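The values are calculated or read from the model by the stated rules, or taken from the named source; none is laboratory data. A quick note: this is a predicted structure, and the numbers were derived from the prediction, not measured. Here the Cβ is made from the backbone with ideal geometry for all residues, glycine too, and neighbour counts use every protein chain on show. SASA here: full protein model, heavy atoms, side chains in, ligands and nucleic acids out. Shrake-Rupley method; radii C 1.70, N 1.55, O 1.52, S 1.80 Å.
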Amino acid sequence: MLADQPSRSMIFTAMRRAAHQLLDHPRLFEDPLAVGLIPEASERAVLATVDEHRAPLSILFRALFAYRSRFAEDRLAEAAFRGVRQYVVVGAGLDTFAWRQPSFARDMRIFYVDHPRSLAWTTAQFRRRGLPTPPNLSLVAADLEAQELAIGLDEHGFERETGAFCSVLGVTQYLSREAVEALLSFAASLPTQSEIVFSFVPPDDELEGEELTAAIHSVKLTEAMGEPWRTRLRPSEAFDLLTRLGFGEVFHLTPKRAQQRYFAGRDDMLRAPRFEQLIAATI
């Protein structure tokens, strides 16, 4: 991030989430609070730039942000059914789950983790929108390159002996390899039935065509924002790492599986992207 500024990439994400609510039917992911959460994500702003939002790369990014949130929250619901009662959102940004909690989440403790500058800025945006902090939400300021996640969570009442679900979307590419391994190690240390869902970006040599273009575009864009990509993983690397850390079940939502599960039957241009992929790993 640029000095004294919150993450700019989360603003980009918020704009695409709002555009999905306004432009895509049927929606992959219902998030009405995304529209108008920040000025750049207002209905007026989206419709004023509708041609940009209909460009192929914009549609691909929009599909990514919608389906990765849908997948994470689908898995969260399954974890809640197993009895998991803690939800940790790493790189929370402008995520709105805490304000649209389904019934299964109302007895959960929710922890939003983000860099201190970003967290201060997003908290102000939620207040401006008239969204006070829910009683079961804790805001955890943490720089994952300088501090272990567990330390920040412990300071806010996280119970390490209780099962937890961790969501880490659009984060690993910005962390060092050491910080990624530390994050996964923390999840692996949690009790049985705990789970982590995270996204990762494969290296360029595993991509082609529009997917490679999207990755190259993202690298240049985030570099200019002061948020360079630092870690990219092949699926085989991710599997090996998770196995070594002791995860029992590892599920890779491959682009083919994602297409079948979330995009089948659509008659628009939304499709499962390949340049960022998802894994769910359970203890």
Looking only at region 211-265, filter to residues that are among the polar types (S, T, N, Q) and part of a loop (DSSP other than H, G, I, E, B); which one of those is nearest to TYR67 (Cα to Cα)? THR254
In region 184-210, how many residues are in contact with a Gly (Cβ under 7 Å, 6 or more places away or on another chain) and either of a type outside the set (A, V, I, L, M) or part of a strand (DSSP E or B) (or both)? 4
Counting only residues that are closer than 14 Å to GLU211 by Cβ and part of a loop (DSSP other than H, G, I, E, B), which one in region 270-282 is nearest to the chain's Cα centre (by Cα)? GLU276
Within region 240-283, can you find the residues that are among the aromatic types (Phe, Trp, Tyr), under 23 Å from TYR174 (Cβ atoms) and open to solvent by 10 Å² or more (accessible area, probe 1.4 Å)? PHE247
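Determine if region 50-58 includes at least one residue that is of a type outside the set (D, E, K, R), in contact (Cβ under 8 Å) with a residue 40 or more places away in the chain, part of a helix (DSSP H, G or I) and exposed (fewer than 15 other Cβ atoms within 10 Å of the Cβ). It would help to see each step written out before you state the result.
Within region 50-58, the subset of a type outside the set (D, E, K, R) is 50, 53, 55-58.
Next cut, in contact (Cβ under 8 Å) with a residue 40 or more places away in the chain only: 56-58.
Adding the requirement that they be part of a helix (DSSP H, G or I) leaves 56-58.
Narrowing the set further to residues that are exposed (fewer than 15 other Cβ atoms within 10 Å of the Cβ) leaves 56-57.
Scanning region 50-58 turns up at least one residue that is of a type outside the set (D, E, K, R), in contact (Cβ under 8 Å) with a residue 40 or more places away in the chain, part of a helix (DSSP H, G or I) and exposed (fewer than 15 other Cβ atoms within 10 Å of the Cβ).
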Could you tell me which residue of region 232-269 is nearest to the chain's Cα centre (by Cα), considering only residues that are over 16 Å from GLU206 (Cα atoms) and among the hydroxyl-bearing types (Ser, Thr, Tyr)? TYR262
Flag for ARG68 being in a helix (DSSP H, G or I) and modelled with pLDDT of 95 or more: yes
Any hit, region 118-126, residues being outside any helix (DSSP H, G or I) and modelled with pLDDT of 95 or more: no
On the given criteria, is PHE61 open to solvent by less than 60 Å² (accessible area, probe 1.4 Å), more than 19 Å from LEU183 (Cβ to Cβ), in contact with a Lys or Arg (Cβ under 8 Å, 6 or more places away or on another chain) and hydrophobic (A, V, I, L, M, F, W, C)? yes
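What residue, of THR231, THR172, is in contact (Cβ under 8 Å) with a residue 60 or more places away in the chain, out of contact with any Cys (no Cβ under 6 Å at 6 or more places or on another chain) and hydroxyl-bearing (Ser, Thr, Tyr)?
Exactly one of THR231, THR172 is in contact (Cβ under 8 Å) with a residue 60 or more places away in the chain, out of contact with any Cys (no Cβ under 6 Å at 6 or more places or on another chain) and hydroxyl-bearing (Ser, Thr, Tyr), namely THR172.
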Criterion (open to solvent by less than 10 Å² (accessible area, probe 1.4 Å), modelled with pLDDT of 95 or more and not in a strand (DSSP E or B)) met by exactly one of LEU76, LEU47: LEU76
Filter result (farther than 23 Å from THR162 by Cα and either free of Cβ contacts under 8 Å to residues at least 60 places away in the same chain or among the small types (Gly, Ala, Ser) (or both)) within region 86-100: GLY93, ASP95
